[in-house]
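Engineer: One structure, as structure tokens, below. Some questions next.
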Amino acid sequence: MVNLRIGLIINPYAGIGGAVALKGSDGEQTRDKALASGAIPQAQNRVLTALQNLTQFSQHLHFITASGDMGESCLQTLGLSYNVAYQVTNHPSLAEDTENAVTAILAQQVDILVFAGGDGTARNIYNQLDESTPVLGIPAGCKIHSGVYTITPKAAGQLLEKMLQGQVISLGEADVMDIDEALFRQGRVNAKRYGEMQIPMDLRYVQAVKSGGKENEELVLDDIAAEIIDQMADNPDTLYLIGSGSTTQAIMQNLGQANTLLGVDAVVDQAVINTDLTANDITQLLSQYDKVKLVITLIGGQGHLFGRGNQQLNAENIKKIGRDNIIVVATKSKISKLNGQPLIVDTNDTHLDQQLAGPIKIITGYHDTVIYPIAEPIR
């Protein structure tokens, strides 16, 4: 067993815009709007999930962190050894606090810098990071295109445990990516590479960089749409929740209905009844309809079904919908780009992730399906 000095920085408001359909959390106005809409910050809970199994190694761990919700509070809850290198000066904290915390923490010489957030947080870390310190991101944001994050919070804990056990883990460079949120809210994805940071390169735990661009497989997408539309015709008075993505967009286009490319829309009897739903909107609709189906696709290159860009579909709503009512759609080329890696769910509820695990049917064309696994949650 080795001793580790770990830097810890939490963006307390990472992902806060997801559940209320703001498609991001960048900027004070977005944060304030999300809070006013009833959004509940989840970054702290995701860090607790990531680090809880490390308490058994507490004698070998010491954390260098920022005050309050930017790290100190979580470490107090877990009873882990720490000292505060940076006092947060803004309440609520801002991006400048993240950058200042990086500088203060690195001055105390850590073995690895762990941070929780999304792509904006990764950019803040990158802006101040030296070339010698490896990092590890705990996913907590709405949009995560960067390759510096683990696939789930628990995966971060697993990697840190391996480091404590002295296992040889190679370091490699991973891209820091971010998109223009203003364009994102208009349905346009414009991802830009800002640089790279060193991370532990164990691909069982670290996510791939999201595949960019829209698929150009119009005939296949039309076939998938035809299959879903036939199912809708056979299920009148059923609420269909249509998730985000270009694959599901094709369904709406074939219905002749407007859709929210990067949101969740509601369809009954092949007509849109509500668009760009928040988590609360979905909860209300689920209370109004006895029959519900959720149509969702996977994120290309990563394989996430839940937990990336669709936090409106929170754990409670997914439970109400039920696994048997989840319809996954994807082209075979999209699936093949996963290179055999299973699909990933990261609902912030380990028990639900366990229930969702296992083989699931994916509609890949008209009367054409494949069976593909959803990964077991990392314990």
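Engineer: If a residue counts only when it is modelled with pLDDT under 90 and aliphatic (A, V, I, L, M), which helices (runs of 4 or more DSSP H) contained entirely in the stretch 171-265 have at least 2 such residues? Walk me through it before giving the result.
Structural biologist: Working: elements: 181-184, 218-234, 246-255.
Counting at least 2 such residues, we get 181-184, 218-234.
Engineer: For the stretch 44-132, which helices (runs of 4 or more DSSP H) that fit wholly inside it have 2 or more residues that are among the β-branched types (Val, Ile, Thr)?
Structural biologist: Values: elements: 72-78, 95-106, 119-128.
Result: 95-106, 119-128.
Engineer: Follow-up question, since we're still on this one. Hey, can you tell me all the residues within the stretch 327-368 that are in contact (Cβ under 8 Å) with a residue 60 or more places away in the chain, under 19 Å from Gly309 (Cα atoms) and part of a loop (DSSP other than H, G, I, E, B)?
Structural biologist: Matches in the stretch 327-368: Ala330, Asp346, Asn348.
Engineer: Same structure again: On the basis of being at pLDDT below 95, within 13 Å of Gly245 (Cα to Cα) and of a type in the set (A, V, I, L, M, F, W, C), does Leu313 make the cut?
Structural biologist: no
Engineer: Still on this structure, please answer the following. Quick check on the stretch 335-375: of everything there that is of a type in the set (D, E, K, R) and either out of contact with any strand residue (DSSP E or B) (no Cβ under 9 Å at 6 or more places or on another chain) or not assigned by TED's automatic domain parsing to the domain that holds Gly301 (or both), which residue is surrounded by the most Cβ atoms within 10 Å (Cβ to Cβ)?
Structural biologist: Asp349
Engineer: When the stretch 280-301 is examined, which residues are found to be outside any strand (DSSP E or B) and buried (at least 22 other Cβ atoms within 10 Å of the Cβ)?
Structural biologist: Ile282, Thr297, Leu298, Ile299, Gly300 - these are the residues of the stretch 280-301 that are outside any strand (DSSP E or B) and buried (at least 22 other Cβ atoms within 10 Å of the Cβ).
Engineer: Please list, ordered by first then second residue, the pairs with beta carbon atoms under 6 Å, 6 or more apart or interchain, first in the stretch 149-169 and at positive phi, second of a type outside the set (Ser, Thr, Tyr).
Structural biologist: From the stretch 149-169, the pairs are Gly166/Val2.
Engineer: Which condition does Val168 not pass, out of (1) within 30 Å of Gly263 (Cβ to Cβ); (2) outside any strand (DSSP E or B); (3) at pLDDT below 90, if it passes all the others?
Structural biologist: With (1) within 30 Å of Gly263 (Cβ to Cβ); (2) outside any strand (DSSP E or B); (3) at pLDDT below 90 applied to Val168, the lone miss is (1).
Engineer: Still on this structure, please answer the following. Any idea which residue in the stretch 218-245 is nearest to the chain's Cα centre (by Cα), counting only those that are over 21 Å from Lys291 (Cα atoms) and of a type outside the set (Val, Ile, Thr)?
Structural biologist: Here the residue is Gly245.
The values are calculated or read from the model by the stated rules, or taken from the named source; none is laboratory data. Worth saying up front: this structure is predicted, and the values here are computed from it rather than measured. Cβ sites come from the backbone with ideal geometry, for glycine too, and all protein chains shown count toward neighbours.
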